[in-house]
Structures are given as C-alpha cells and as structure tokens.
Amino acid sequence: MTDASATAPAYTGPRRILSGIQASGALHLGNYLGALKRFTALQDSGAPCFLFVADLHAITVWQDPALLAAQTREIAAAYIASGLDPAKSTIFPQSAVRAHAELAWILNCVARLGWLDRMTQFKEKSGKHKERASVGLYTYPVLQAADILLYKATEVPVGEDQKQHLELTRDIAGKFNTDFNAPGYFPLPEPLIQGPATRVMSLRDGAAKMSKSDPSDQSRINLTDDADTIASKIRKSKTDMGVMPEPGEGLDDRPEVKNLIAIYAALSDRTREEITAEFAGQGFGAFKPALADLAVSSLAPVTAEMRRLMDDPAEIDRVLRDGAERAAGIADPVIAEVKKIVGFWQA
Ligand code: TYM
C-alpha cells in the first residue's frame, strides 16, 4: 500500500467526526473507554459528529434476526447514556442509509485484493477455516471505508485495533481520487486513537485484548454488569507478586498492572503518571478496591441510563429515525456525486 497523502492535493471541505460500533451485542469496558467516552469528549469540539450502529457489519458473522433490532437499540442507548446528545450528534443505524451499501460496492472495485489480504482482523476473525467465513467478513474494511467517506469524515475516533482499517480507508480514498481524476474529492481521514485506554486488555491475560469473543466472562467488564460483579471481576483480576510501580518504571514486563493503571487513568480523566505517583509502592490490596469503586461509580450512571432507555424503545426509535434522516441528508448528495464521477447513466 502507498500512503496517498504524500501526493494528493488537500481536501478543503469542513471537519466532520464519524465513528461506529457493531450491533453485535455485549458492550464492554474496552468499547466504553476506547470509543464511547472519547466520542462524548469530542461532541463539543466544533465539528459535527456522526455515530452509527454498524448493523451491516454485524451480519458479517451470524446474527439472530430476532435479536438484531434490539441489539441495534442497545448500542444507540449506549451512545446516549454515555453522554451523546441526539440533538447535537447524529445517531443512526447504518442499514437505514442505503448509500452505505451503494458506496461500499463502488469502493470494492477500487480496493485491491492484495490490500485486503493484509488485514489482520480478517485473519483473526476467520481463524483456521477462512473458506467458511462470509465474503462480507473479507470485504468488511471496504464497507468501513464507505461509512467514513460517505460523510467525507475528516476525523475518526477509534480504538487501536481499527488502525489498519483506517490506513486502508486512506488508501482507498487516495486511489479513488486518482483513478477518477477527482483530486481532493474524498478527504484522507485521520484516525483519532487517543487517551490512556486505546487498547484495553483482558483482566485475565495482559497479552490479550478485552473482547466480547473471549470465552471467559471474567476477562471483561460488560456495560450490563452490576456493581457487585464489576467489583468482583476487578478484585480477581490478574496481577503479579510485586507492588504498584514507581513513577517512570517501565511496565512492559507487567502488562496486567499496566492495563489496570491505564483503566484507572481513563476512568478518572487523569494521566497514567498521576495514577502511578498516587499509588507507588502500595499493594494491590489498596489499588484494586480503589479501582473497583471508581469503575462502579463511573459506569453505574451509564448502565442505569442504558436500562432506562431500553425500557423505552419508542424513544430510541425516534432518535434513530431522526438520525437516519439527517445522515441521509449528507450521504445522498455524496453518493449521487460519486455515481456521476464514476460515469453511471443518469436520467
Ligand atoms: P467494534 O464494534 O468492534 O468496536 C467499537 C469500538 O470499540 C473499540 N474497541 C476497543 N477500544 C479499546 N480497547 C478495546 N479492548 C477495544 N475493543 C474495541 C474499537 O476500536 C471501536 O472503536 N469496525 C468497527 C466498527 C465500524 C467503524 C466504521 C468504526 C464500522 N464502520 C467506521 C469507525 C468508522 C468495529 O469493529 O467496532
């Protein structure tokens, strides 16, 4: 892949922030700290925010049709409960704006097989039997590029695991602009991978990402966990025989401790250095209860609001309908323009 940013003329359109979360259920602390809390922090940054529920992406692996709509509402509830204001931010289901699928097809014809062959997330998700994976799982990152470019998004807040998909998006944008002689048409979006918790790790294994696909529920804090469960998971989280590190101490050989400090820092909006300075030399018997209290007090209002919203699906549906209409207002003119650029017949 080449980085098209070196040669392409700059995009001159307005700033727009966009991100998405899959509608595959079971949000965890990694999603909250790496994505939801970051989105909320960006809401008043001066650029409009577009946040969608990636239901088209969710079906790249099997989803029970009887549950999918409820899963979509649950992610929408998480956006709102995390502090996003539907009047300011556009919250919508991806499948409700049909231009996502249309642009994805066009970009499938721009992206190269060799580029997709390098995607590590496909390799991880398809496992040993890639011939049994859906074709959608393979072209997943192209749909992601379409999500972003359809809104000409300039900034995309995500966790670290999405970095490669964002690089691919930039390559696809650059190639489209070059192939169709449309310099600067699509922006080359910047990934915003920021804060102390861009990669929250499992509570049981500091080498594995916190993930909904981990078979051990003890490995993650779910946004649906109650206070006792959260506290117990943190109490039982893996650490080591040492004490809390001194400021400046390297932690690469203590990944579990590093992870807990990062979680504390992200939850309290402080830096890792501040947290290390506060707890230096203390045992985990002091640190873990402090972290458990912090996690419970930070997550309790979010989970309570999520539950309240889930009990009122009509309110969520209003937000999603309104968001889809506003999103289509941006997306429809862009897809019409793209079709013209590609040269499709027009009436
Ligand atoms: P998804 O649903 O897997 O994850 C949603 C967001 O949560 C972040 N995340 C984490 N951050 C820190 N630590 C973790 N352990 C952790 N696990 C997940 C992810 O990085 C992501 O930001 N492909 C996207 C969905 C998507 C999208 C898009 C995102 C579809 N189209 C366009 C941005 C722009 C995904 O896998 O989300």
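Tabulated data
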item	result
Helices (runs of 4 or more DSSP H) fully within the range 228-347 counting 2 or more residues that are free of Cβ contacts under 8 Å to residues at least 40 places away in the same chain and within 30 Å of PRO86 (Cα to Cα)	255-268, 284-310, 313-342
Residue ID - nearest to the ligand (Cβ to nearest atom), chosen from residues in the range 42-69 that are touching a residue at least 40 places away in the same chain (Cβ under 8 Å) and in a helix (DSSP H, G or I)	HIS57
Qualifying positions in the range 193-225 - surrounded by fewer than 20 Cβ atoms within 10 Å (Cβ to Cβ), in contact (Cβ under 8 Å) with a residue 12 or more places away in the chain and either of a type in the set (Lys, Arg) or away from the ligand (no atom under 13 Å from the Cβ) (or both)	ARG199, ARG204, LYS209, LYS212, SER216, GLN218, THR224
Condition met for ALA26 (away from the ligand (no atom under 13 Å from the Cβ) and either assigned to a loop (DSSP other than H, G, I, E, B) or surrounded by fewer than 19 Cβ atoms within 10 Å (Cβ to Cβ) (or both))	no
Check on LYS212, under 19 Å from SER297 (Cα atoms) and charged (D, E, K, R)	no
Cβ pairs under 9 Å, 6+ apart, first in the range 139-164 and more than 13 Å from ALA327 (Cβ to Cβ) and not assigned by the TED database to the domain that holds ALA35, second near the ligand (Cβ under 9 Å from one of its atoms) and assigned to a loop (DSSP other than H, G, I, E, B)	none
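The values are calculated or read from the model by the stated rules, or taken from the named source; none is laboratory data. Remember, predicted model here, so these are calculated numbers, not experimental data. Cβ atoms come from the backbone with ideal geometry, glycine included; neighbour counts cover every protein chain shown.
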